[in-house]
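> Structure provided below as structure tokens; questions to follow.
The values are calculated or read from the model by the stated rules, or taken from the named source; none is laboratory data. As the structure is a prediction and not an experimental result, all values here were calculated from the model. We place every Cβ from the backbone using ideal geometry, glycine too, and count neighbours over all the protein chains shown. For accessibility, only protein heavy atoms count, side chains too; no ligands or nucleic acids. Shrake-Rupley method; radii C 1.70, N 1.55, O 1.52, S 1.80 Å.
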Amino acid sequence: MTIGMGILWGGLIGAPPLAYLIHRFWRHKRHKLLPVSFAVLPVVALAWAVGLRFTSPLVNMTALALAYAAYAFLAWEGWGIGDSRIGFRMIIKFVTALPIVFGYFMATFGFPLLLFISFGLDDGNKHTEILEPGIGCEIRTQSGGPSWGTTVVSVHRELTPFLRWERAHQRLSEEEAVYRRASDLCRDAYTKWRNS
């Protein structure tokens, strides 16, 4: 198991029970954790939506695991809110439980998919190049096991040595990419970004 796989699997399995333990036994600390959870979740979601990423995939996975833990904590807090309308309470509990149920599904039955996602997180399957000052390209190949895998090409603007803004993201089957040079894949993704 890779470190990335451990972060993914550990976050999906461990975040809801950890959030419950904090909710149940650290009542005096909850008033401090609520604003942190309300801040972490939208910041990570917004950063992910606009393409802000850390240069390290492991740090990205850790940020997603923290956001999931913040969501689990907020869900436990929300389930404790008293409301006289039982139908409303049941709907809220059902809707907020769906991501947690899906997380447990991915951590158990979806385990092969998690292996597939996390396989390309090590730096051994990576090609990087600079396209122009401040613009870089990264190609990661994720194995598909006995079948063809996936090649992910991303063009990004370097904001700091540890933070980048992903401007183009392309997924190709490994079969499509295997006979092409990495620099050609980068140039194609860069051209598509510039023309869009």
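> Dipole magnitude of region 125-195 about its Cα centre, charges +1 at Lys/Arg Cβ and -1 at Asp/Glu Cβ only, in debye to the nearest 20?
Details: 11 positive and 10 negative charges, 33 e Å.
Roughly 160 debye for region 125-195.
> Then there's this: Largest first, how would 179, 68 line up by accessible area (1.4 Å probe)?
Numbers: 179 190, 68 35 Å².
Listed by decreasing accessible area, they come as 179, 68.
> Between region 157-196 and region 1-31, how many Å separate their Cα centres?
What the calculation gives is 34 Å, centre to centre.
> Starting from the Cα gyration tensor of region 125-195, take the square roots of the eigenvalues, sort them a ≥ b ≥ c, and report rounded, prolate or oblate (rounded when a/c is under 1.5, otherwise prolate if a/b is larger than b/c, else oblate). If you can, show how the numbers build up before the last one.
Working: a/c = 2.32, a/b = 1.70, b/c = 1.37.
Here region 125-195 falls in the prolate category.
> Note down the relative contact order for region 125-195 as a percent, whole number, built from C-alpha pairs under 8 angstrom at least six residues apart.
Result for region 125-195 is 26 percent.
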